[in-house]
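The values are calculated or read from the model by the stated rules, or taken from the named source; none is laboratory data. Just so you know, these numbers come straight off a predicted model, no measurement behind them. When we count neighbours, we look across all protein chains shown, and the Cβ atoms used for this are built from the backbone with ideal geometry, even at glycine.
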Amino acid sequence: MDPAGADGPWTDLERPPLRAPALRRALVGPGAWAALEVVARTGSTNADLLARSADAADRTVLVADHQDAGRGRLGRTWTSPPRAGLAVSVLLRPAADPERWSWLPLLTGVAVVDALGGFGVDAGLKWPNDVLVRGPGRAGKVCGVLAEVRGDAVVLGAGLNVAQRAEELPQPAAGPPGSPAALPPTSLALAGARSTDRDTVLRRYLRALRARLDEWSTDPAATAAAYRCACLTLGAPVRAHLPGGDALTGTAEDVDAAGRLVVRGSGGARTSLSAADVVHLRGL
């Protein structure tokens, strides 16, 4: 029977379940992560950790071999075939001023880019925290990040496509009328990654995230510089669709101290955006 349990017999030898004991030995300990749990199946790792937020320790990690009701930004859903991707959430109790917590999802995206560099993948960020890859294989979105707050806890979730085949990925989400076609989703396998071993990808990601969190706590300016370096949105012509239904077209010029995207409109005025659905008006 499938060691992952809930999904029946494990027959796809290219998609083994995560090896929880080995991951704990590699990642849990002083100065690293406090706890790491791997579950066979769940609706949403973020929702599970939020439900435990009153009692879970700082730096708790939850990973699912199969997530079937994942959530993304702006209420979007996210699903993946069993053992084809990584659905991983971490619970933090940051000591920093809550006004600085807006940087947590951004630095999570930087950590994903850091990790993917070790697999020969050319990755960058679309503000605020979508991870995009560019060649040599199929370009597109490979990962999304969702941050949620409950009390003194922040849960950072990442959904990373690792071994999905083209036919297993959804069609690109339709954008607002008149917007360019959205980039298709992709996976590390389709993007030509040197490895699609999920244990290895998870170890690299969690180590990179721990390093970026440590950097943010001691040198936030370095974190901001790293984000700007990785952000493909900066310098690009964009159309930002705002929560109220309005749209702003211009050039993305900067990310400010609060992590907001600064867009210079056609009239020259600069606007800082804390929430928007941003469309790149030219391809990768």
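Looking across region 119-168, the residues that are assigned to a strand (DSSP E or B) and small (Gly, Ala, Ser) come down to ALA123, GLY124, GLY140, GLY144, ALA147, ALA153, GLY157, ALA158, GLY159. For LEU50, indicate whether it is at pLDDT below 95, assigned to a helix (DSSP H, G or I) and within 21 Å of the chain's Cα centre (by Cα). No, not satisfied. Of the residues making up region 13-42, just one is surrounded by fewer than 16 Cβ atoms within 10 Å (Cβ to Cβ) and touching a Gly at 6+ places or on another chain (Cβ under 8 Å), namely ARG41. On the basis of being assigned to a loop (DSSP other than H, G, I, E, B) and either surrounded by fewer than 19 Cβ atoms within 10 Å (Cβ to Cβ) or in contact with a strand residue (DSSP E or B) (Cβ under 8 Å, 6 or more places away or on another chain) (or both), does GLY245 make the cut? Yes; evaluated as a whole, the condition is true for this residue. Entry remark, region 248-277: residues being part of a loop (DSSP other than H, G, I, E, B), modelled with pLDDT of 95 or more and surrounded by 15 or more Cβ atoms within 10 Å (Cβ to Cβ) number 2 in total. Scanning region 147-169 for residues that are small (Gly, Ala, Ser) and touching a Pro at 6+ places or on another chain (Cβ under 6 Å) turns up just one, ALA147.
The set of residues in region 216-242 being surrounded by fewer than 17 Cβ atoms within 10 Å (Cβ to Cβ) and under 29 Å from LEU36 (Cβ atoms) consists of SER217, THR218, ASP219, PRO220, ALA222.
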